[in-house]
Amino acid sequence: MLHESLIYDAIVYIYACSILLYFADFLNRSRKVNRIAFWLLAVVWTLQSVFFVLSMLEKEYFPVLTLFETLFFYSWILVSFSLIINYLFRIDLLVFFTNVLGFAVLALNFFANKDASPMVTERLTSELLFIHISLALLAYGMFSLSFIFSLMYLVEDRMLKQKMWNKWLQRLPGLGLLDLYSYRLNMVGVPLLLLALILGAIWAHIKVSTNIWLDPKVLVSVAVLAVYSLYLYQRVTYGWAGRKLALWNAAAFSLILLNYLISGSILSFHQWL
C-alpha cells in the first residue's frame, strides 16, 4: 500500500500543477505553457494507469466494483478525454474545467476513502489539510505581492500626474511592468485558491459535522475567489488595465484581510488555525 500511496500523492501534486498551467494558457495563450501542461497531464495519466494496473494485479479482477475503484476509473476517463481533446481540438476552456472536475473527484476519492483503515484515514486527512493550507497560503502570497505591485502602480501614477520627479520615481519600474506583474501574480493565485477550496471542502466533509457553507470564513473565501476571478475576467474580456484594475486589486485584497480576521473569530471552525 505504501507504493500506491506515494503514486497517488504524486498524481495529486502533478495534477494540480497541470491545472495551474492550463489556466495560465487559457488566459494568455502560450503554446509552450500548453505543451508543458499537456505533458504533466500525460504523466498523471501514466501514474493513474500504473496505479490501476497494480491494483488489478493485487486484486485479480478489473477494479471497478467498489466506490473508490469506480471514481478512480472515472477520473482516469476524464484525464484520457482531456488529453485527446487537447491534442486534437485545443478547446482550452473545456480542458480546464474537465480537469478541475477530475481533480476534485480524484482528491475526494483518495482522501475520503472509506475502505482505508482508521490509521491510514487519519494520516490522509492530515495530509489533505496540509495540502489545503499550503495551496491557500501560496494563493494569498500571490495576491499579496500583486497588491503591492498595484499599490506601487497607484503611487507612481499619482507622482507622474503631479510631475513629482525624484529619486523614488526613478527606482520604480514602469507602469506597464507593474500592471503586468500584478496581473500575472493573480493569474497564478486564482487557480491555487480554487484547488485549495476544493480540498478544504473535502476535508471539512470528512472532519466537520456542521454545514461549512454557512461558515463566515468559507463564505469570504468564496467571495475572494469570485472577486479575483472577476479581476481576470475584466482584464481578459474587456481589456481593463492601469489605474482602474489597480484599484479593483486593492479592494480585493481588503477581502483577504477580512478573511484573516475571521480566522480568529469564534464564528468560524477555522478559529483553531
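The values are calculated or read from the model by the stated rules, or taken from the named source; none is laboratory data. All values reported here derive from a predicted model rather than from experimental measurement. No Cβ is skipped: glycine too gets one built from the backbone with ideal geometry, and neighbour counts run over all protein chains shown.
Points to keep in mind about this one:
- Test: residue in the stretch 156-163 that is modelled with pLDDT of 80 or more and either crowded, with 16+ Cβ neighbours inside 10 Å or in the same structural domain as Tyr22 (by the TED database) (or both): yes
- Some residue of the stretch 219-240 being more than 20 Å from Ile131 (Cβ to Cβ), at pLDDT 80 or above, touching a Phe, Trp or Tyr at 6+ places or on another chain (Cβ under 7 Å) and surrounded by fewer than 19 Cβ atoms within 10 Å (Cβ to Cβ): yes
- Qualifying residues in the stretch 46-68 (those that are at pLDDT below 75 and touching a Ser or Thr at 6+ places or on another chain (Cβ under 8 Å)) - the one nearest to Ile7 (Cα to Cα): Pro63
- Odd one out for Ser134 among (1) modelled with pLDDT under 80; (2) surrounded by fewer than 16 Cβ atoms within 10 Å (Cβ to Cβ): (1)
- Selection status of Thr125, among the polar types (S, T, N, Q) and either in the same structural domain as Lys244 (by the TED database) or modelled with pLDDT under 80 (or both): yes
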